[in-house]
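Just below is one structure, and these are the notes that go with it.
The values are calculated or read from the model by the stated rules, or taken from the named source; none is laboratory data. Given the structure is predicted, the values throughout are model-derived calculations rather than measurements. In this analysis, Cβ positions are derived from the backbone assuming ideal geometry, glycine residues included, and neighbour counts consider all displayed protein chains. Please note that ligands, DNA and RNA were not included when accessible areas were found on the heavy atoms of the full protein model with its side chains. Shrake-Rupley method; radii C 1.70, N 1.55, O 1.52, S 1.80 Å.
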Amino acid sequence: MELFETMLQHTSVRSFTSQTLTQELKRKLILAAQSASSSNFLQAFSVVEITDRKKRETIEQLANFPVANGNNGEFYIFVADLNKHAQVLALHEDATDHLRTLESLVTAVIDTALAAQSMAVFAESEKLGVCYVGGIRNDLFKMKELLELPELTYPVFGMFVGYPVEKNEVKPRLPFDAVLGSNTYRSLTPALIEDYDKKTAAYYQQRSANNQQTNWSEKVRQHFSYPRRKNTSEFLKEQGFIF
Ligand SMILES: Cc1cc2nc3c(=O)[nH]c(=O)nc-3n(C[C@H](O)[C@H](O)[C@H](O)COP(=O)(O)O)c2cc1C
């Protein structure tokens, strides 16, 4: 399949067969991640592969996601990482103040996301399935302990990769016109939201697994109906960021 077609067929995969990935393919996944563009070439991310069954079970509990998966599938944690850069500065006895800013953190999170998505696109081109797991941030302090994360690091999400047991139907994205503005920002309109809600309601009703009576607006409202992960700023401060 052409790469563009493969990309439009993307759906998250949450269960994997016992077919293992070759060492060569696993190496390519990381190389694909490393090939992404990087702000000022800082390459401000690290990846931690989780193979230990007990750790996978612990992460399953805290992420509320089937991370153990019968040990099927590879599980990687993507970490925004400015610790490497702190080490470089330390070697030269330079100050690290500008490494600890919100802007530096944003830069590292962007690098991390770009690397992960490069891995994801490559994985799907190899007929693998992927799923991001933001649930690993449900208990950042536990993740820090589990991965032995040093200061100036932040675990952003997990990424599951493996051979899919099944693939879900593609979720309809926002209309093209809702995403692309010409020269200025384009807002949603009530009519556009209504149309998209109808489209997504039909998708959620008709999909072959986990049918729901809902739509995109309802999902958005539910998501923002309570504060999530309230200790993120406390965690980031503990990690040495200053904002
Ligand atoms: C950063 C990020 C974190 C995510 N975390 C989770 C998660 O914790 N659990 C989960 O089931 N899906 C998670 N997802 C998958 C999204 O729910 C999914 O991408 C979205 O619903 C669109 O569906 P699709 O990927 O099948 O097209 C995450 C996706 C992203 C980008």
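So how many residues does region 41-57 have that are open to solvent by less than 40 Å² (accessible area, probe 1.4 Å) and out of contact with any strand residue (DSSP E or B) (no Cβ under 9 Å at 6 or more places or on another chain)? Quick ask: steps written out before the conclusion?
The initial filter retains those residues of region 41-57 that are open to solvent by less than 40 Å² (accessible area, probe 1.4 Å), namely 44-46, 50, 56.
In the following step, the residues that additionally are out of contact with any strand residue (DSSP E or B) (no Cβ under 9 Å at 6 or more places or on another chain) were identified as none.
Residues meeting the conditions: 0.
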Report every pair of residues separated by at least 6 positions or lying on different chains whose Cβ atoms are under 6 Å apart, first residue within region 164-178 and closer than 13 Å to Gln9 by Cβ, second within 9 Å of the ligand (Cβ to nearest atom) and open to solvent by less than 60 Å² (accessible area, probe 1.4 Å). Pro164/Val13; Lys167/Thr11; Asn168/Thr11; Val170/Thr11
For region 170-181, what are the residues that are open to solvent by 80 Å² or more (accessible area, probe 1.4 Å) and within 12 Å of the ligand (Cβ to nearest atom)? Lys171, Arg173
Kindly list the number of the only condition in (1) over 19 Å from the mean Cα position of the chain (by Cα); (2) in contact (Cβ under 8 Å) with a residue 24 or more places away in the chain that fails for Ala95. (2)
Counting only residues that are under 21 Å from His85 (Cα atoms), touching a residue at least 60 places away in the same chain (Cβ under 8 Å) and open to solvent by 10 Å² or more (accessible area, probe 1.4 Å), how many does region 142-155 have? 6
Does any residue in region 6-26 that is farther than 15 Å from Thr51 by Cβ and at pLDDT 95 or above come within less than 6 Å, Cβ to Cβ, of a residue that is in a loop (DSSP other than H, G, I, E, B) and within 14 Å of the ligand (Cβ to nearest atom) six or more places away or on a different chain, and which pairs are these? Thr11/Lys167; Thr11/Asn168; Thr11/Val170
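What do you reckon, is Thr112 over 19 Å from Val165 (Cβ atoms) and open to solvent by less than 30 Å² (accessible area, probe 1.4 Å)? Steps first, answer last, please.
Numbers: over 19 Å from Val165 (Cβ atoms): yes; open to solvent by less than 30 Å² (accessible area, probe 1.4 Å): yes.
Here the answer is yes, as Thr112 does meet what is asked.
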Are any residues in region 4-59 assigned to a loop (DSSP other than H, G, I, E, B), within 19 Å of the chain's Cα centre (by Cα) and aliphatic (A, V, I, L, M), and if so, which ones? Val13, Ala36, Ala44, Ile50
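Residue-wise test of (1) over 30 Å from Val106 (Cβ atoms); (2) surrounded by 11 or more Cβ atoms within 10 Å (Cβ to Cβ); (3) within 16 Å of the ligand (Cβ to nearest atom).
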| residue | (1), (2), (3) |
| --- | --- |
| Thr11 | no, yes, yes |
| Ser15 | yes, yes, yes |
| Thr22 | yes, no, no |
| Lys26 | no, yes, no |
| Ala36 | no, yes, yes |
Which residue out of Ser125, Ser104 is open to solvent by 30 Å² or more (accessible area, probe 1.4 Å) and either of a type in the set (Lys, Arg) or more than 14 Å from the ligand (Cβ to nearest atom) (or both)? Ser125
If Thr153 passes every condition in (1) more than 19 Å from the chain's Cα centre (by Cα); (2) away from the ligand (no atom under 16 Å from the Cβ); (3) of a type in the set (Val, Ile, Thr) but one, which one does it miss? (1)
Quickly run through region 207-227 and pick out the residues that are open to solvent by 90 Å² or more (accessible area, probe 1.4 Å) and modelled with pLDDT under 95. Ser208, Asn210
Does Thr184 count as loosely packed, with under 15 Cβ neighbours inside 10 Å, of a type outside the set (Gly, Ala, Ser), more than 22 Å from the chain's Cα centre (by Cα) and farther than 21 Å from Leu114 by Cβ? yes
Can you tell me which of Glu57, Glu126, Glu49 is touching a residue at least 60 places away in the same chain (Cβ under 8 Å) and closer than 19 Å to Val161 by Cβ? Glu126
